[in-house]
Amino acid sequence: MEFLHFCKLHYYVENFTLESLHEPYVPAYLKLLFGSKFKIIYPDAPFETRCKRASIEQGFSLAEAEKVTKSKDLVKEGRGVRIVGEIADIIFNNSVGEHRENMLKFEINKIGT
């Protein structure tokens, strides 16, 4: 409800981004409420890729990064992140290149518009 209130107050803003919606209820509700104006974009990358990135970004050993990533995955899965992927409008391949490169690719292709 707070998000809807925020949208109403900022009626002049054309696009909003909600990040890290691990549970399916809010995205499903907003998809029903806003229809085609609301897109769920699910970034996806293999476990190994995410572990390598975490190791580099956080300065962990690869073994430690695997433990941390697996732990985070278990929490997200417990919240229902798989269902979010199933109802997503777009599955974005986030497995190639660096984060900045992927965001530029994402923006250039105007995914979700």
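FYI, it's all coordinate maths here, none of it is from the lab. Just so you know, these numbers come straight off a predicted model, no measurement behind them. Glycine also receives a Cβ, built like all others from the backbone with ideal geometry; neighbour counts cover every protein chain displayed.
Observations on the structure shown:
- The alpha-carbon of residue 67 sits under 28 angstrom from the alpha-carbons of these lysines, leaving out residues fewer than 8 places away in its chain: 52, 76.
- Computed about its Cα centre, the charge dipole of segment 2-108 is approximately 140 debye, with only Lys, Arg, Asp and Glu carrying charge at their Cβ.
- Recomputing volume of the Cα convex hull per residue in Å³ from the coordinates shown identifies the correct label among (1) 135; (2) 123; (3) 103 as (2).
- For segment 58-66, 3J(HN,Hα) computed residue by residue from phi via the Karplus equation (6.51, -1.76, 1.60; θ = phi - 60°) reads 9, x, 8, 5, 4, 4, 5, 4, 5 Hz, glycine and proline entered as x.
- Max mean-square fluctuation residue, GNM over the chain, Cα-Cα springs under 10 Å, options 94, 102, 15: 15
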